[in-house]
Every structure is written in structure tokens, then in C-alpha cells.
Amino acid sequence: MKRWLSGFLVLLAGAAGAADFDYGLKAQRVADGVHAFIGKTEDFTPANGGNIVNTGFIVAPGGIIVIDSGPSRRYGEQMRRAIAAVDQRPLVLVINTHHHPDHFLGNQAFAGVPLAALPGTIKGIGEEGNAFAENLFRLTGDWMQGTEVVVPGQALRAGHQETAGRRLRLLALAGHTEADLAIYDETSGVLFTGDLGFFERAPTTPHADVGRWLAALDALEAITREPGFRAIVPGHGPVARDAAPLRQTRAWLNWLQMALRRSAEEGLDMNETMARAIPAEFAVLPLSASEYRRSVGHLFPGVEQEILEPAR
Amino acid sequence: MNLMTGIAAVLLAVLATVRPALAGQDEVDPLASPRWADMRYLFPEGATLRFDPRVRVLAPAVAENPLQVPLTVDASELGPVSEVLVFADFNPIVEVMRFFPEAAPAWLGFRIKLQQSTPVRAAARTADGVWHVGGTWVTTVGGGCTVPSAKAGSPDWQARLNQVSGRQWNRGAQADRIRLRIEHPMDTGLVAGIPAFHLDQVELLDAAGQRLMRLQLHEPVSENPVFTLRRGAVAGPVEVRGYDNNGNAFHARIAP
Ligand SMILES: [Zn+2]
């Protein structure tokens, strides 16, 4: 069955006319010297090849800092060419914001450039990277050909960091995963939130701790109140000039948490909880229905455990 | 009409009515599973099987986390049911569990482990011996931001083995509902070096001492199983008892 399925997916990939495996990456200028590649607000499919994620780069005086490397080797290679089309300076650093595959599987294309991430992300990529890559191969097909996991060698710490003459503020947060890095470029006022921020696309929660995530959103929103703040590049969804991605992510998580608690309190099982309607405010977000159901799968066991009492 | 032709006519009539029941054997599997023919070994020789939409198996069409696929089995529309067999055609361990409803209706929610995409089915046996089969396909995928949660087992699980937590609902839409969770690793034995270790028998009794339901569990039931069932008429504390395949027994009461 598995073999049949992957054959089917490969067929689909071919049918989608993706034989040249071109992600069509075009850098979007966010601010002076700051650019982003904005992915589709879709699920992984053989048609999009995994280009559902935002990546970006900062042109510093001494070279270019790359933020996330995308879902595959091909993506990383094409990203590298698209960066060179904007600025020819050497690449000085590639940062992975967290250990989800759409954010680091392009690392291979940046051989020779130092790769950096939070210690928790380095550990996560080392432990789960291969399983993620295998999964993505199944979901997107031949786009992934030749992709191998490259674990970042350099550990990042929270705080200010001067890289290639650019002052970056690194925020070591958590909640979307065990280790989520947000990067604030103080020169331009652009905040890269990683997957702590989703915009116009329902958030994903496979490794989420909702309480910590909400706290991280507060920390990020404080930055948007600083005078120099100019824009947010979320992990998924369009660039924003205000805190809207953070507020939207927070509203979704608050509702999700409340909905799961209410279901558990009412005695519903997981299927019944999945079948519940999503309020109109959230139902309009792309992928709201599928992400809600997935989140029930990820989070409901923990929530229901809280309301069951020890029996003796 | 003489006696002989009379008997023959009755026989023919009987055959005509029996035929559809027997025809269940040759009915086309509504889930079009290439493994359906192999599933016959789960049933006694000569058993009558009938695909029956009244046996509902509720599961997500796409199961994000193959270690915790929620199933809700409802065969209560059939009337009295003595046994329900739950199985998954393509699972390495096909048989998931059997439950035997007594004072409780034939309705049970729980979660299972799936190795790959597969039909998941419930076969409910009624008093006439007929197995009524319902089911649904579950596709298992994962990946990217959509991979299964990987929560490492906590080191002190042995101290909590077979601990039961639970709750009853007596008001509102879910009045008469019981939910319970039993701490158990439910190891399948398919992982190298880890032998099969799973809950085997669980039974629930109401305050009047009537058995609500007996469950016979196999390896594919998820880790730390959670069950949702309906209590039936008698209110009051519900007693849970059982043991695993290593003989570890437990006994607990779920307060009303
Ligand atoms: Zn992510």
C-alpha cells in the first residue's frame, strides 16, 4: 500500500508539470537590505514541492545572512541563486529558526557557509531530521531528490549578536517547538518570527506547547511596540507592517485551547471533538479545518488527561 | 398441493429468505480492500458476514498521528449485540480488540496504532449469530509541520503502570457517559528488543454489580488507552478491573 501510495504521489508530481522542479523563487523586498521568499499558504503537496514556507536574507555590510533554507536541496540551491541575483556579497551565515523540515532541509545547498541554530534545534534536527525528510519525500515526491539532512554546527545564544557588521537581536523562545528562534534585525526593524508567527494561514502544532507559545507571542509583540519596528516576516503567510500575525496566531491558539478544554469538560472523545464546527472568524483561514483536526490529535490527549480524576 | 410439494415450497421460501444472509459472503466489500478475502480467518468457519451500514466506525479520513488514531464504534442501532471485533486489514497485527457489551450499549470510543493506510472495521455479532460489518478507510500520512508528536516515555512509567483515571458525566448532552484512561505502554512486540506488553482484559461493572462491558485488548490499542463508553441505566460508581499480558492486575472505582 505504501509503495502504491508513493508511486501515486510521484505520478501526481509528474502530472503537475513539475518536471523542471522550479520553485519560482522571487525575493520580496521587505526593507532596506532585507528580503523574503514567501511560500504558498498550502499543505505540502507534489504540486508545490514543499514551498509553503517563508525564508529570507539580510544583506549586511560584510556579507549575507540567510534565515531558514527551505524544504529541500533543490529549494536551497534555487534560493542561493535567487539571493545572488539580488546581491553578490558572500554568504556568511545560515540560521535555522527551528527543527521543522521546511525550514532546514535546504541546508545542503549552503555547503561551506556556517550553519547555526539554537541548541534545542540542533538536537531536534539530529534526532528527528531523517524521519522528517522521509515524510516530506512521501508528501512532495521527487522535488526532494538528493536531499539529505545537514545538522547545524554552530550553537546560537539569546542576545545581541554582531554578524558581518549587522546588529541582530536573537530571541530564544519556545512553544511552537522546544526551541524557536526569532531574529530582530535592529537596523531595518524587521522581525523574523520563525513559526511562532503564522499569518493568513492556520498554525501547525505537532510539537506545540500552547502556554509557552502564548508567552513567546507576548515577547515578540513587545518588539513591535519599539520605535524602530517596521515589519514582520512570519514563518508562513504574507509580510505584515504591524503585529497582526502575532495577534492572529494568539487568537487562534487561545480559541484552540479553550475549544479543547470545553470538549474535554463536556466528555467528548477525540472524534467528536474533531467534528466540532470552527467559528467563522477562524474558519476563513486557509487550512483551518485540517489544522484544527491535526491539532486535536496533537493536543487533546494532554487536555483530556487534565480533566480525568485519579480512580482508586 | 400434496405434503411433499408443500414442504418443498416452504423449503424454497426459506432458502429464498436465507439466501441474502448467506450472500453476505460474496457481497462486494464497500471499502474495496484487496485484503478483504484474507480477513475471513478472523471469523469462525461458516459464520455469516454481512456488510451493514448500521455499524458505524468513525475515524478521521487522514490520520495525522498514526500512533493515536481515534475510533468511535457504534453498533447500538442493531439492538442487542454480544460481541464486537475491531480490526484493520493492513495492520501487521490485524486484530485490534474485541468488546462484549452487556448492560452498556454497543458503543465505544478509543484510539489505535496504524502502520499504514488501511480499512478499519468493526464486526458486530447479533443474537442470531450474524456478524454485521462496518468500516472506513484511514489514510495515514505525516510530515513537515504535520509529523506526529514524539513524546518520549517518561522514566517513571513503571510506578504508574495500570493506574486508572476517569470521570462520569451525569448531566447535559453527555449524561450517562464514562471516560477512563489506563496507564500502559501497550508495546506491540514489533520493535526490536521490546517484547509485547499490553493490556489484555478490562471489565467495567455498574453500582448494581452488573457488567457493563468486557474488553479484550490487543497490541494495536494506543499507549495509555483512553476509553469512552455509555453507562446504561444505573447511576453510581463504576468499577474497573483487569490485567495485562504479564499478569499485572488492577482495580479502581470511578466516582459518579
Ligand atoms: Zn514549524
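Listing for the model above:
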{"read-out": "Within the range A:30-61, considering residues that are part of a loop (DSSP other than H, G, I, E, B) and under 14 Å from A:ASP87 (Cα atoms), the one nearest to the other protein chains (Cβ to nearest Cβ)", "value": "A:GLY33"}
{"read-out": "Residue count, the range A:113-134 (criterion: open to solvent by 40 Å² or more (accessible area, probe 1.4 Å) and at pLDDT below 95)", "value": "5"}
{"read-out": "Number of the exception - A:ARG294 against (1) closer than 24 Å to B:LEU180 by Cβ; (2) within 12 Å of another protein chain (Cβ to nearest Cβ)", "value": "(1)"}
{"read-out": "When residues of the range B:52-69 are limited to those that are open to solvent by less than 30 Å² (accessible area, probe 1.4 Å), at pLDDT 90 or above and in a strand (DSSP E or B), the one nearest to the other protein chains (Cβ to nearest Cβ)", "value": "B:VAL69"}
{"read-out": "Extreme residue, nearest to the ligand (Cβ to nearest atom), among residues of the range A:201-242 that are part of a loop (DSSP other than H, G, I, E, B) and within 21 Å of A:VAL303 (Cα to Cα)", "value": "A:THR204"}
{"read-out": "Residues being part of a strand (DSSP E or B), at pLDDT 90 or above and open to solvent by less than 40 Å² (accessible area, probe 1.4 Å) - total across the range B:129-146", "value": "7"}
{"read-out": "Hits in the range B:208-230 (condition: more than 22 Å from A:PRO301 (Cα to Cα) and either surrounded by 21 or more Cβ atoms within 10 Å (Cβ to Cβ) or of a type in the set (Gly, Ala, Ser) (or both))", "value": "B:ALA208, B:GLY209, B:LEU212, B:MET213"}
{"read-out": "Conditions (1) open to solvent by less than 10 Å² (accessible area, probe 1.4 Å); (2) without any contact (Cβ under 8 Å) to a residue 12 or more places away in the chain: number failed by A:GLY141", "value": "(2)"}
{"read-out": "Residue tally, condition on the phi > 0 side of the Ramachandran plot and in a strand (DSSP E or B), over the range A:142-170", "value": "1"}
{"read-out": "Breaking point among (1) away from the ligand (no atom under 16 Å from the Cβ); (2) open to solvent by 60 Å² or more (accessible area, probe 1.4 Å), for A:THR163", "value": "(2)"}
{"read-out": "Residue list for the range A:62-79, restricted to those being more than 14 Å from every other protein chain (Cβ to nearest Cβ), in contact (Cβ under 8 Å) with a residue 60 or more places away in the chain and open to solvent by less than 10 Å² (accessible area, probe 1.4 Å)", "value": "A:GLY63, A:ILE64, A:ILE65, A:ILE67"}
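The values are calculated or read from the model by the stated rules, or taken from the named source; none is laboratory data. As the structure is a prediction and not an experimental result, all values here were calculated from the model. Reconstructed Cβ throughout: ideal geometry from the backbone, glycine too, with neighbour counts over all protein chains shown. For accessibility, only protein heavy atoms count, side chains too; no ligands or nucleic acids. Shrake-Rupley method; radii C 1.70, N 1.55, O 1.52, S 1.80 Å.
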